[in-house]
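Here the structure comes first, spelled out in structure tokens, and everything after it is commentary.
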Amino acid sequence: MPKTLTPSFITEIALKTGSSEQSILKKRFWAAKQQYNALLSEALKRLKVMREDPHYKKASDLYKQKESKKEAKALFKELTQKHGYREYDLYGFCKQWNKSNNPLTIGARISQQVAKRAFSATEEYKKGKRGKPRFKGRRGLSSIEDNSIDANLRLKENTIHYLGLKLPPPIRS
């Protein structure tokens, strides 16, 4: 993925949580893992259907010729749109889990980041940079991220807020 030009940061914080908070967090991480696996499966299905399209072979052959790369890129763009193999199409697919009455919602923007993670894995597979992406097993996801500092997961007044869950101040070491 290209390096972003916007200022951003990643932080890892050890939390002091009780059993009820740990239970809620485990459920949300489990839900994030389930979403990742479903999104990865959907992206791989769409990629497979797109690759089976006869126009995909034509676009691949055109791309190998130096003088017709622009035409091939336009054809690839048309194919991805036709078969719904775009990152934004996966965002639409993950809307089904983010209804307000769903107890296992992880937040719309966090779901978008999970979709982004699944799409980038299939995109690297499509380009031949990596092997076929694997589904997450028992260990699940080790981290989640939010794409906005003021959305679902935020640090406010020395307390971490995550969809109604208020986590106590981080342990100072």
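The values are calculated or read from the model by the stated rules, or taken from the named source; none is laboratory data. Fair warning: this is a prediction, and the values are worked out from it, not measured in the lab. When we count neighbours, we look across all protein chains shown, and the Cβ atoms used for this are built from the backbone with ideal geometry, even at glycine. Ligands, DNA and RNA are excluded from the accessible area calculation, which covers all protein heavy atoms including side chains. Shrake-Rupley method; radii C 1.70, N 1.55, O 1.52, S 1.80 Å.
Numbers for the structure displayed
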{"item": "Area of ASP61 that stays accessible when all protein chains are in place (1.4 Å probe, Å², to 10)", "result": "60 Å²"}
{"item": "Cα shape, the stretch 84-173, gyration tensor, a/c 1.5 rule", "result": "prolate"}
{"item": "Unsatisfied cross-links (Cα-Cα over 22 Å) in the set LYS77/LYS136; LYS77/LYS126; LYS66/LYS116; LYS116/LYS166", "result": "LYS77/LYS136; LYS66/LYS116; LYS116/LYS166"}
{"item": "0 to 90° range, to nearest 10: angle between helix 69-83 axis and the chain longest Cα axis", "result": "60 degrees"}
{"item": "Cβ-based net charge around LEU62, under 11 Å, with every Lys or Arg adding one and every Asp or Glu removing one", "result": "+4"}
{"item": "Global geometry of the stretch 98-141, whether rounded, prolate or oblate, following the gyration tensor of its Cα atoms and the 1.5 cut on a/c", "result": "oblate"}
{"item": "Values of log10 I(q)/I(0), in the order q = 0.13 Å⁻¹, for the stretch 13-104 under a Debye, Cα-only, solvent-free model", "result": "-0.62"}
{"item": "0 to 90° range, to nearest 10: angle between helix 108-126 axis and the chain longest Cα axis", "result": "40 degrees"}
{"item": "Net charge over other residues, Cβ less than 14 angstrom from the Cβ of GLY18 (K, R count +1; D, E count -1)", "result": "+2"}
{"item": "Cα-based helix-to-principal-axis angle, 19-52 vs the chain, degrees rounded to 10", "result": "0 degrees"}
{"item": "Whole-percent carbon and sulfur share, accessible surface of the chain, 1.4 Å", "result": "52 percent"}
{"item": "Percent RCO, i.e. relative contact order, over the chain, from Cα pairs under 8 Å lying at least 6 residues apart", "result": "30 percent"}
{"item": "Where the chain is the region considered: accessible area per residue in Å², 1.4 Å probe", "result": "71 Å²"}
{"item": "Residue-averaged 222 nm ellipticity for the chain, from DSSP H runs of 4+ at -39500 (n - 2.57), nearest 500", "result": "-16500 deg cm²/dmol"}
